[in-house]
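Accompanying notes for the structure given below.
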Amino acid sequence: GAGAADKPQTATPADAPADSTRTPPQWEDTITIRISFGDDNRTRASLDDVKMKDLWLYDYVGGSLVQSVHQSSTDEGFGSASLGISYGEHTFYVVASGGSDATTDGTTITWGKPGDTFYLAKTVDLQPTGDKNVSLELKRVATRLRIDPSDEIPADIASLAWEGTWYFGFNYLTGEADGAQSTERSVSVPASYIGTTGQLSVASYSLCPI
């Protein structure tokens, strides 16, 4: 999770403008959410290692969205958020991704270029005597196709292309991949790889259901 020296970001109430920093009067306390990754209990330093670019956190009470946080990797306190809360059960939905060109539509996040992505949905009962630090451990929800040509790269190759069905979106409320597209993907082959063997490697990501 984020280091203790990081300054948590503050959530935006769901009924407030995107640039609002007001705290609704019904909030009874404040908690700090810290994000980690379930594969190997990655620390704040390895948050950069997995190349996460964006993080979204949604707080639901009684089935309704009450506040949300969106962070970019360049933000101070990336991976940690300060939330005003009411006591009782809160369900937190968290998505962290290394994908590019992300857009949101309702409960679906869609990427122009999907990347490694992690997710968690967890219900927490928050009480006055409870811990004010909540750790959420995310699990991977993306698959990766890796291509490692074993033959020598010929001089007349300019690009490498492959076809498949890819999921470009993820619905955080259902935990399901969305936005399937059957498309061709390709990458240019740099001249430095011409004549080499076992050095060229390309990867392509797709979202997948939990």
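The values are calculated or read from the model by the stated rules, or taken from the named source; none is laboratory data. Given the structure is predicted, the values throughout are model-derived calculations rather than measurements. Because the Cβ atoms are built from the backbone with ideal geometry, glycine has one as well, and the counts that use them run over all protein chains shown. We work out accessible area using only protein heavy atoms, side chains counted, and drop any ligands, DNA or RNA first. Shrake-Rupley method; radii C 1.70, N 1.55, O 1.52, S 1.80 Å.
Counting Lys and Arg as +1 and Asp and Glu as -1 over every other residue whose Cβ lies under 13 Å from the Cβ of residue 201, the net charge comes to +1. Per residue, the solvent-accessible area of segment 137-208 (1.4 Å probe, heavy atoms of protein chains only, all protein chains present) comes to 58 Å². Rounded, prolate or oblate, given the Cα gyration tensor of segment 65-107, with a/c below 1.5 counting as rounded? Verdict is oblate for segment 65-107. Around the Cα centre of segment 89-185, unit charges on the Cβ atoms of Lys, Arg, Asp and Glu (plus for the first two, minus for the last two) sum to a dipole of about 320 debye.
Is the shape of segment 84-210 best called rounded, prolate or oblate, per the rule: a/c under 1.5 gives rounded, else a/b larger than b/c gives prolate, else oblate, with a ≥ b ≥ c the square roots of the Cα gyration tensor eigenvalues? It is prolate, given that a/c is not under 1.5 and a/b is the larger ratio. The Cβ shell under 15 Å around residue 172 holds other residues with a net charge of -2, Lys and Arg each +1, Asp and Glu each -1. When both segment 74-126 and segment 144-165 are represented by their alpha-carbon centers, they are found 34 Å apart. Taking each residue as 0.36 nm, the span from residue 151 to residue 203 lengthens on full extension beyond its C-alpha to C-alpha distance by 17.0 nm. The lysines within cross-link reach of residue 113, meaning a Cα-to-Cα straight distance under 19 Å and a gap of 8 or more places when in the same chain, are 51, 53.
Of the residues 66, 86, 97, the one whose Cα sits farthest toward the positive end of the charge dipole of segment 51-194, with +1 on the Cβ of Lys and Arg and -1 on the Cβ of Asp and Glu, is 86. Note on residue 159 and residue 91: with the Förster distance fixed at 30 Å, the Cβ-Cβ geometry gives a FRET efficiency of about 0.10. A Förster distance of 41 Å, applied to the separation of the beta-carbon atoms of residue 27 and residue 181, puts the FRET efficiency at 0.50. Peptides 120-131, 53-64 ordered by packing proxy, namely the average of other Cβ atoms within 10 Å per residue, highest first: 53-64, 120-131.
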